[in-house]
Structures are given as structure tokens and as C-alpha cells.
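Enquirer: Structure incoming, see below.
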Amino acid sequence: MLIDPLKSGLVFLPMHFSRNALLHTIPAADPELTSRSGLKYFLEIQVPPYPNAASFEALSESEGREVPVDTSGVAVYEGAAFRYNTINGKIDGLLTCPPPTKGQSAISVTVTQTTPFRLRERVQGGTPAVNTDTTGAVKYAIKAGLDNKDFEAWGEQFFNLYQADARQFLTWLPNDRLVSRAQEEYLSFVLNFTPLPAEVRLRAWVTYNDGTEPTVSTKMTVARPPLLSIIQCPAGAAVLDIPTNAKYYEVWLTDENDLRLSEVRRYWLDAMPTLAERHITYLNSLGGWDTLRLTGLGNERLSVRQTLAERDLNTSTVPELIVISSEGDRSLTVSTGNFRQDAATHVQCLQELLLSPVRYLHTPKGFESLRLTTNQLDYGSDERRVEARTMTFEMGETTANFSRMAPSPPQPTRPTRWRGLNLRYILDEFGKRTGEVIFAQLEKVYIDTEELYKPVTRKPNTPGDPDYIEPIVSGSITVGETPYPNAAISRVGTFNRSNCGVGYIGGPVTIVIAAGKYGGESPGDADALAEAEYAALNTQAYADANGSCTANSTPFAFRVDNNATDSGGSVAGIVAIAGSGADIVPNTSPGGEQTSPQTYAPGTYTIQCRVAYPSGSPKKAGVLRILSKNRSIAFSNNGLFLFENVVINSSDHPLTVTVENA
């Protein structure tokens, strides 16, 4: 097997989709306030001032009010809800998805497509006066989105749970795609995990038509990509130098030890001739760049608009009409051609092309912007037929002239260079300092005078950029130090061991993350990494490997804790656990507690709770709860109330039914 083994032990960080609506609720102020009038809730969004900065600054603050509390029945204090981001909103509007360059031949690294952010909550007003101020843990956003139906289910766990298993490139296009040798393909992958690789490699496995032994090789690399960066790889056959006798090739990403980080994508080389071939590259919903190969016939058209005016010749003849402006718009109507492989899925994925905010047509002079004028797509049909679709685009800008020039050669310009701005620490895979610093940004200056280039131009200093400035070793830094280490986590997981032997009951495992394992350059960074590791370990598989197995043969007892109280002239109920003959737990009055005199073997039981009120008094409604089983029953009258099919183990001793006021 020539495909590299998958790297294990990665901890994936959760990320928020900035192209979907993001909501946050500030919890309600103290329910015991004597007056809630004038309560105000404020939500502030904090973001770094530039990519990879270690500090945060306020982006915006919104003011809200809490949902009114209905006190006529069960009082619910919902707090204040904020929709703090939508597509093109406060966070999404900060982020950009740089397109690939025409003929890109190296891996590029993007840091403007993701960002950390924090939410600061403030509550003021009410009686007695409230004045709280809380800044939450660091969160992460990516300029990407899901369909609303999928966002409901996966929005909060796509990047840390789904991606931990799928290792998916940022695309929804099907695998095993048919491509031409000249077709430019691009794959994007987000590094939202720790430990970070010191190097990312694009690897390729080539299978040949003539029976030649398959080969695997590293095609390109990039060193020291930062956390949350997007790796953008050219993956076309030409740029990867795939031999002409290849049948198909497969690509994936690995770390410096050739342990695989990503899924494997396969491309079949299409040797069938076509009457026409065009390529469109467009931004997809996940923030990657997909390429659509169009093999159908197309038609380019120029539509001209002219503005006329009359010119008076001071004669008795009719005034002369002259053209004072003539402008044209060019359009392209083209067929996709028949999809010969996985046609139904490819047609479904055309929805991405229609929804995409950015599209480029590949031309000899580079990328030409396209605006889609087709506004409908039939993407699902019960008919079994050959699939193709025709679409119309507006091309480029409005033009007033015509020419037929070849692509221009480089033009002489005043020499410039890029100088570094804003030094930051280089961090290791656990967020701790390595002893090196690097410029976070670059700014363009004229070489002869060192004056700023006009207009002022800045960009992130990222690996893979041709102007990248390498890190600098600093002797003043202690390797491994960090200003903000994580706090220790010692927390019981939510899964019980499920593979214990007969006669034993599985218990949870206590997940421990040592204090100081992670570091960060701002408060909360390291704690976010530690919480992500806890979430990665809090699985059924980890509990099965490390959870406890306890003998499940020790008898248990039943217990009633009646915490209900009389109030407002109404009396609370008396509760017992009834048995087939005598009561298991006798009548227990409000404020009392009793335990069954007998014990019982572990097993599955139906628990019969009998409620009785004193006669002649108003009845106080109550709730029966078995807290350890997350079961409850409300009551407001005399009666027998059943908890059915309750699994009771030795560790539940005593199995307690708690009585509370409703």
C-alpha cells in the first residue's frame, strides 16, 4: 500500500461558520432582583487587529433587552439573545478568501480566511443595581458556510467532530473526478488541529496505463504553517508533472514524517478528445476553490448600447444624429457538456457555481471575472438521462474599444521591496515559544527611498509567499515558556465503558489534561486548546479503553427525599414508593427522608410512587425526580405515578426519588 498512513492523536478545534447566522445568549440577571426594569445587556465582539496578532480589540458592541419573563405560570428567565454575525456581517465581512493565481505552481498559505474572536458580556441596571462584565473564552471563525438544514445538525461540530474523521479538503465535489491534463485544480485544507506539523507535504501516487509500477512522491512542501491557516495546493496534472502514460493519480497531505493529514483525492486523466474545453474556477461554500471543466459548445456575444444626440447644422435640413457614447457588454453562453462520471452528483454540485460570489474564466491572459446571469438550475430529476446544463455569464467589464493584443510582457516600474512589521513569537505545536520571532505583516516600500509605496499596501507574512521573511532567532527567549499556560482539567467524561465482562458495570473515565501542557499569547488561548483535547478524548472509544468496570452484584436500597414545602396556603404531598404488598419506602412527609429497610439486586425496575395530600386543603403541585437517571414526573393530585424501565446498578445505591415544589 503506497498511500501514507493516517496520523492519529490530532486534536481538532471547533470553528464557527461565518457565512451562517451566529447566535449568542447572555444569561438572565439574578431571578431574585426586586425589579427587572431598566436591565440592559451588551455584547461586544473582540478580534485581533491584524492576522496572527496576539492581542484583541473591540470590533463592535450591540445592546439588547432580555425576553420578558412570564410570571403567571412557570417563570422562565431566558436572558438576551443576540445574532452577532450573518453572511457579509461583522465577522464574515472581516475575512477574505484569496483566489489562486493563474498557473500557480506552489503551495500558498492563507491566514485571512479564519480568525480567533472573543465575546464580552455586560449586564447593567435593575434593582438592586447589576453591573457585571465577563469576557468569554477564545472562539474561532472561518469564512465558510453550510446549507441551513445541515447547519442545524453540524454547525457546532463540523470542524472538530466531522473533520476529525473525514479529514476533508474544503470541497463538496465528488471524488474520482475526470479531468484533462491542462485543467488547473486546487485543493484547500484548514489546519485547525494540534499538534501542528512542522512541514506540510503534497504527496501523489500515480497509476499507469501500461502496467508500470505505481509511484509515490512528494510534489511540493511548505514549512511552519500557522494554526488555523488554510493550505491551498495546486493539484492539476500539468503542475504536478504527472507522466503522460498515467491512468489516474491520487493526492493527499502529510506532515514532515509522511503521516497523512487529509483525505485522498483521485483524478482520472481523460484522453477523449472534445470539440471545446473551457475552465471556470469559483469559490465554494467551504471556502475552497473548485474548477468546473466545460466540454460543451459555447457562444460569446457582444451586446452594444449607444447614446445618440442631435447636432443642429443651422440649416433647414433635419438635424444630424451623432453617437456620443458606445459601450458593449460581452457574455458567454456555454454547455457543461455531458457529465460522463457520477453525473447526478456533478449536477447537484452545480448549485455551488450558482451560489458562489466569485467566479473566474481561465483565459490566456489570466483569470477573467464572470457574473452569472442564469438564475435557475434543475439539479434533481427522476428521469434517467444524460446530464448536461447550459448557463450564461457576463464577462469582464463594460468595454468601449476593441483590440487583439497578446499577453503583455512585464513592464518596468520603480523598484520596490517588502519590509516586516509587527514581530510575533513563533510557537511550537503546543502553543509555546520556540526561541524564534517572525514578522506578522509585510508592507511595500520603494527601494531607493524606503518611502511607503502608494497606495499603502500590506499583507500577511505567510510561508509560501514569494516575499516571505523567514523567522529570526532571539537569544532573549526561553524555549518552551508561555505567558498564559492552560489550567489543569480533571473532569469525568460523559461516556460509560461499554465492554465490561458479565457481572460488571462500566463507569466513566476521568479525563486529565495537565496544567501548562498548552501555552498561548493571550488569555484563554491555551485553555481553548486544552478544552479541545478534552473534547477529542471524551468519546466512547476512549471510555471503553480507560473507563472503570465495577462489580454489579452489590444490593441497593430505595430512598425518598421529600424536599417539598407548604406555601401560600397550599400543602405539599406525602410520597411513598409502593410495592406489590407492603410499601418499599413508607409515607414520607414534606421535609422528611426515608430509606427502604430491605435491599434489592441490580436490574430493571418499574418504580411506583404514591402521592397523597391531606384532605380539605389546597394542593401544592410538585415534581418527582430521579436525578441520577434524568427522569421526572409532575403531579398536582393524589395518584400513583410510574417510572418505567429504570435500570438500577450497584453504583446507584441508594436509588433516590426526590420530591420538589413545581
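Enquirer: Just name the residue that is nearest to T656 (Cα to Cα) out of those in region 597-608 that are surrounded by 15 or more Cβ atoms within 10 Å (Cβ to Cβ) and either touching a residue at least 40 places away in the same chain (Cβ under 8 Å) or not assigned by TED's automatic domain parsing to the domain that holds S651 (or both).
Expert: Taking region 597-608 and keeping what is surrounded by 15 or more Cβ atoms within 10 Å (Cβ to Cβ), we get 600, 602, 605, 607-608.
This time we only want the ones that are either touching a residue at least 40 places away in the same chain (Cβ under 8 Å) or not assigned by TED's automatic domain parsing to the domain that holds S651 (or both), so: 600, 602, 605, 607.
Values: Y600: 14, P602: 14, Y605: 13, I607: 11 Å.
It comes out as I607.
Enquirer: Restricting attention to region 242-256, report how many residues are under 27 Å from the mean Cα position of the chain (by Cα) and surrounded by fewer than 15 Cβ atoms within 10 Å (Cβ to Cβ). Please lay out each step first, then the result.
Expert: So the first thing to find is which residues in region 242-256 are under 27 Å from the mean Cα position of the chain (by Cα), and the list is 250-256.
Right, trim to surrounded by fewer than 15 Cβ atoms within 10 Å (Cβ to Cβ) and you get 256.
The number of residues fulfilling the criteria is 1.
Enquirer: Just the residues that are over 19 Å from C549 (Cα atoms), assigned to a loop (DSSP other than H, G, I, E, B) and touching an Asp or Glu at 6+ places or on another chain (Cβ under 9 Å), please, taken from region 496-524.
Expert: Residues satisfying the conditions are K517, Y518, G519, G520.
Enquirer: Tell me the strands (runs of 3 or more DSSP E) entirely within region 170-280 that contain at least 3 residues that are of a type in the set (F, W, Y) and touching a residue at least 40 places away in the same chain (Cβ under 8 Å). Walk me through it before giving the result.
Expert: Working: elements: 177-179, 186-190, 199-208, 215-223, 230-234, 246-254, 265-269.
In region 170-280, 246-254 are the strands (runs of 3 or more DSSP E) which contain 3 or more residues that are of a type in the set (F, W, Y) and touching a residue at least 40 places away in the same chain (Cβ under 8 Å).
Enquirer: Also, I was wondering about something else. Any idea which of (1) more than 37 Å from the chain's Cα centre (by Cα); (2) closer than 27 Å to P100 by Cβ; (3) modelled with pLDDT of 85 or more is the one R404 doesn't satisfy?
Expert: All conditions pass for R404, except number (2).
Enquirer: Please verify whether region 121-140 includes one or more residues that are aliphatic (A, V, I, L, M), closer than 17 Å to L59 by Cβ, crowded, with 16+ Cβ neighbours inside 10 Å and at pLDDT 95 or above.
Expert: Checked against the condition, which is being aliphatic (A, V, I, L, M), closer than 17 Å to L59 by Cβ, crowded, with 16+ Cβ neighbours inside 10 Å and at pLDDT 95 or above, region 121-140 yields no hits at all.
Enquirer: Of the residues T449, T462, T482, only one is at pLDDT 95 or above, not in a strand (DSSP E or B) and not charged (D, E, K, R); which?
Expert: Working: T449 fails: at pLDDT 95 or above; T462 fails: at pLDDT 95 or above.
Selected residue: T482, the only one of T449, T462, T482 that is at pLDDT 95 or above, not in a strand (DSSP E or B) and not charged (D, E, K, R).
Enquirer: Taking only region 368-387 into account, find how many residues are within 19 Å of S331 (Cβ to Cβ) and over 29 Å from the mean Cα position of the chain (by Cα).
Expert: 3
Enquirer: So which pairs qualify, if the first residue must be in region 558-586 and farther than 24 Å from S628 by Cβ and surrounded by 14 or more Cβ atoms within 10 Å (Cβ to Cβ), the second must be of a type in the set (G, A, S) and at pLDDT below 95, the Cβ gap must be under 7 Å, and the two must be at least 6 apart or on different chains?
Expert: So the pair list comes out as D566/A572; V571/S617.
Enquirer: Restricting attention to region 261-284, and to residues there that are in contact with a strand residue (DSSP E or B) (Cβ under 9 Å, 6 or more places away or on another chain) and small (G, A, S), which single residue is surrounded by the most Cβ atoms within 10 Å (Cβ to Cβ)?
Expert: S262
Enquirer: Could you pull out the residue among T434, T390 that is touching a strand residue (DSSP E or B) at 6+ places or on another chain (Cβ under 9 Å) and closer than 30 Å to I472 by Cβ?
Expert: On the way: T390 fails: closer than 30 Å to I472 by Cβ.
That would be T434, the only listed residue that is touching a strand residue (DSSP E or B) at 6+ places or on another chain (Cβ under 9 Å) and closer than 30 Å to I472 by Cβ.
Enquirer: Let me ask you something else. Could you tell me which of the residues T392, T374 is under 27 Å from W289 (Cα atoms), among the polar types (S, T, N, Q), in contact (Cβ under 8 Å) with a residue 12 or more places away in the chain and surrounded by 15 or more Cβ atoms within 10 Å (Cβ to Cβ)? First the steps, then the outcome.
Expert: Working: T374 fails: surrounded by 15 or more Cβ atoms within 10 Å (Cβ to Cβ).
After ruling out the rest, the residue left standing is T392.
Enquirer: Further question: Using beta carbons and a limit of 9 Å, which pairs, at least six apart or on different chains, have the first residue in region 461-477 and on the phi > 0 side of the Ramachandran plot and the second one part of a loop (DSSP other than H, G, I, E, B) and small (G, A, S)?
Expert: Close Cβ pairs (under 9 Å, with a partner that is part of a loop (DSSP other than H, G, I, E, B) and small (G, A, S)) amount to G464/A106.
Enquirer: Could you say which residue among V623, V611 is in contact with an Asp or Glu (Cβ under 7 Å, 6 or more places away or on another chain), in a strand (DSSP E or B) and within 13 Å of V659 (Cα to Cα)?
Expert: On the way: V611 fails: in contact with an Asp or Glu (Cβ under 7 Å, 6 or more places away or on another chain).
Within the list V623, V611, the selection yields V623.
Enquirer: Something else about it: Return yes when T244 is of a type in the set (V, I, T) and in contact with a His (Cβ under 6 Å, 6 or more places away or on another chain) and no when it is not.
Expert: Details: of a type in the set (V, I, T): yes; in contact with a His (Cβ under 6 Å, 6 or more places away or on another chain): no.
The answer is no for T244.
Enquirer: Just to be sure I understand, how many residues within region 599-608 are among the hydrophobic types (A, V, I, L, M, F, W, C) and in a loop (DSSP other than H, G, I, E, B)? Step through it out loud before you land on a result.
Expert: Let us first name the residues in region 599-608 that are among the hydrophobic types (A, V, I, L, M, F, W, C), namely 601, 607.
Imposing the further condition that a residue be in a loop (DSSP other than H, G, I, E, B) reduces the set to 601.
Residues flagged as among the hydrophobic types (A, V, I, L, M, F, W, C) and in a loop (DSSP other than H, G, I, E, B) within region 599-608 amount to 1.
Enquirer: Considering only region 633-650, how many residues are over 21 Å from Q594 (Cβ atoms) and surrounded by fewer than 16 Cβ atoms within 10 Å (Cβ to Cβ)?
Expert: Of the residues in region 633-650, 6 are over 21 Å from Q594 (Cβ atoms) and surrounded by fewer than 16 Cβ atoms within 10 Å (Cβ to Cβ).
Enquirer: Another question, if that's okay. Return the residues of region 485-495 that are in a loop (DSSP other than H, G, I, E, B) and under 30 Å from D428 (Cβ atoms); say none if nothing qualifies.
Expert: Residues of region 485-495 in a loop (DSSP other than H, G, I, E, B): 485-488, 493-495.
P485, N486, A487, A488, G493 - these are the residues of region 485-495 that are in a loop (DSSP other than H, G, I, E, B) and under 30 Å from D428 (Cβ atoms).
Enquirer: Buried (at least 18 other Cβ atoms within 10 Å of the Cβ), modelled with pLDDT of 90 or more and not aliphatic (A, V, I, L, M), is that true of P5?
Expert: Values: buried (at least 18 other Cβ atoms within 10 Å of the Cβ): no; modelled with pLDDT of 90 or more: yes; not aliphatic (A, V, I, L, M): yes.
When the stated conditions are applied, P5 does not pass them.
Enquirer: Sticking with this structure for a sec: Tell me the residue from A153, A182 that is closer than 30 Å to G337 by Cα and exposed (fewer than 13 other Cβ atoms within 10 Å of the Cβ), please.
Expert: A182
The values are calculated or read from the model by the stated rules, or taken from the named source; none is laboratory data. On a predicted model such as this, the values are computed, not experimentally measured, just so you know. As a convention, Cβ positions derive from the backbone with ideal geometry for all residues, glycine included, and neighbour counts pool all protein chains shown.
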